[in-house]
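Single-structure report; data block below.
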Amino acid sequence: MERFISLLVASVCTAPLFYFLVSGLVFVSNKGLTGDSGLAVAYLGTWGGFLAAFAGFFVVWFLARYFLVENYLRYIQIYDGMALVAWLVLYLSWTSDQPYTLDYSDRRAVLSVEARLTKSFLKGAAIDSLIEFQYIGQDLDEPHPDRIREEGEFVILPWDTTPLEANKWEVRVFVRNKPVDFMLNIPRRPQQSTDWSGWTAPAPGQQDELLPADVQQNFTIRYRFRLIPYGAQE
């Protein structure tokens, strides 16, 4: 039984490598194809990978059973342990990057954002004509051009959205059709409303051509997350 389980784990853990190898080679060698050709490559890579994984399972089983298990059982078991840990880490890493549904039964999630631009940057133009919000994920957009206000040298445009799913809490704002990204410091799975953040600058590391210096100097946002009972007034 010990040998059987060791061989089974080794075969199961190794088979996916054959899938990724074959499907990866298919996609890389046919990179750039579109239309019907691209669809055919997708099918070939997917099903070819499954067949390779199926064949790989039996190849590993055969080789390990007839050439390795008698003298190298402990090495096979060490490999099994390392492979299981590696696949577990890979799975946890993959699941951590997947979006999750924001379902609060009797309440709905609302993300409120206010964009702030200097009057000197606007040069008399309406702020809602220069910028547009986009939540990174599924949402129900609620713009508020009727709530534009001025505070000193700044013009502020409020915006709400009802996010249906979340992952890394990121908002993209198009300024003069240039995308500007903001990372929001909100818990991954928020369970309560938050206060307004401070005024936040764009996320670092964006390309200069996508984030001109005048935008960096004159544009900030603030945000808050709320849980509002259904039917309640905002």
Review point. Among the residues of region 42-57, how many are without any contact (Cβ under 8 Å) to a residue 24 or more places away in the chain, buried (at least 16 other Cβ atoms within 10 Å of the Cβ) and among the aliphatic types (A, V, I, L, M)?
Key: 0
Practice item. State all residues of region 133-178 that are closer than 17 Å to Phe121 by Cα, open to solvent by 30 Å² or more (accessible area, probe 1.4 Å) and either polar (S, T, N, Q) or touching a strand residue (DSSP E or B) at 6+ places or on another chain (Cβ under 9 Å) (or both); if no residue qualifies, say none. Key: Ile148, Arg149, Glu150, Glu151, Glu153, Phe154, Phe174, Arg176, Asn177
Check your understanding: Going through region 38-86 one residue at a time, which ones are within 27 Å of the chain's Cα centre (by Cα) and aromatic (Phe, Trp, Tyr)?
Key -> Tyr43, Trp47, Phe50
Check your understanding: Scanning region 98-118 for residues that are farther than 19 Å from Arg224 by Cα and polar (S, T, N, Q), which turns out modelled with the highest pLDDT?
Key -> Thr118
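The values are calculated or read from the model by the stated rules, or taken from the named source; none is laboratory data. These numbers come from a predicted model, not from an experiment. Neighbour counts are summed over all protein chains in view; Cβ atoms, including those assigned to glycine, are modelled from backbone coordinates with ideal geometry. Please note that ligands, DNA and RNA were not included when accessible areas were found on the heavy atoms of the full protein model with its side chains. Shrake-Rupley method; radii C 1.70, N 1.55, O 1.52, S 1.80 Å.
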